[in-house]
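Input: a single structure, listed below in structure tokens.
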Amino acid sequence: MGPKPNLDWGSAPADRPPATMPAGFHYPALPAPASDKLVSLPFPIRVVCGGGEPVDGFVPDPNVVAGGMNHADNAIDTSASNSAPAAVYQSECYGKDFTYTFPVPAGEHCLVRLHFAEIFDNGAGSRIENIAINGQPVQCREGDTVSAAMFAAGVVDCRDTVVGGVPRGPYCMMGICYDCLVTIDGQPNQQGCMTLVREGMNIERQSGARQVRT
Ligand code: FES
């Protein structure tokens with residue numbers, strides 16, 4: 001993916017770099033804002049987000065405002081309990097800001113169950129995460145640890161010892177030696193070898209003594 005796509009998704013299809021689009025994706029037209037004509041649905045309300053056709057009682061995208069729609073015919077494993085039909089997971093509504101609104105009777109307590117599916121990338125570990133290491137933009141794979149991402153980026157020193165300022169880098173890669181400590185998103189003393197990267201993560205070399213918080 002391009003630089004930090006999650007921050008801008010929904011403003012335009014072009015925000016998703018074509019080079020990362022799995023085969024078969026397309027962008028249906030965005031739905032018209034519907035806040036002034038809400039559709040009332042009987043309970044349980046089941047929605048196939050981003051879908052154009054109903055699926056076994058799941059209705060296609062009522063009462064949605066903004067967002068973008070995707071569809072992919074990837075094979076879906078629905079063996080998990082409470083799974084919806086596979087077709088429900090073959091489309092999505094995505095974006096930085098989008099809203100579904102459903103009228104319910106006053107005083108009604110409702111259980112909302114959200115099912116998430118990754119349909120943008122079509123294989124385990126194929127998602128690209130955009131992170132920053134010491135201020136430099138870096139791309140790595142979903143499932144990488146921070147230390148692995150740093151090694152892959154050629155960054156072997158991640159901290160300096162408090163006494164002596166000696167450079168240290170990940171050693172055991174299994175959570176024992178603590179030589180992999182880094183500052184992540186402003187939080188010091190994070191074990192890089194035990195922390196998975198995530199989109200937008202900011203990793204910084206750790207130098208000197210950390211503040212003790214009370
Ligand atoms: S490399 Fe040893 S604890 Fe992380």
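Would you mind stating whether Ala84 is part of a loop (DSSP other than H, G, I, E, B), among the hydrophobic types (A, V, I, L, M, F, W, C) and touching a His at 6+ places or on another chain (Cβ under 8 Å)? Give the steps one after another, and end with the answer.
Working: part of a loop (DSSP other than H, G, I, E, B): yes; among the hydrophobic types (A, V, I, L, M, F, W, C): yes; touching a His at 6+ places or on another chain (Cβ under 8 Å): yes.
Against the criterion (part of a loop (DSSP other than H, G, I, E, B), among the hydrophobic types (A, V, I, L, M, F, W, C) and touching a His at 6+ places or on another chain (Cβ under 8 Å)), Ala84 qualifies.
Residue-by-condition table, conditions (1) surrounded by 12 or more Cβ atoms within 10 Å (Cβ to Cβ); (2) acidic (Asp, Glu); (3) modelled with pLDDT of 95 or more:
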{"position": "Tyr100", "(1), (2), (3)": "yes, no, no"}
{"position": "Gly107", "(1), (2), (3)": "no, no, no"}
{"position": "Ser126", "(1), (2), (3)": "yes, no, no"}
{"position": "Ile133", "(1), (2), (3)": "yes, no, yes"}
{"position": "Ala149", "(1), (2), (3)": "yes, no, yes"}
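I'm trying to understand the selection: among the residues of region 162-182, which are exposed (fewer than 15 other Cβ atoms within 10 Å of the Cβ) and more than 9 Å from the ligand (Cβ to nearest atom)?
Val162, Val163, Gly164, Gly165, Val166, Pro167
When Thr145 is evaluated against the numbered criteria (1) in contact with a helix residue (DSSP H, G or I) (Cβ under 7 Å, 6 or more places away or on another chain); (2) away from the ligand (no atom under 15 Å from the Cβ); (3) among the β-branched types (Val, Ile, Thr), which criterion, by number, is the only one it fails?
That leaves (2) as the condition not met.
The values are calculated or read from the model by the stated rules, or taken from the named source; none is laboratory data. In this text the structure is predicted, and so the values were computed from the model without any measurement. Cβ coordinates were reconstructed from backbone atoms using ideal geometry, including for glycine residues, and neighbour counts include every protein chain displayed.
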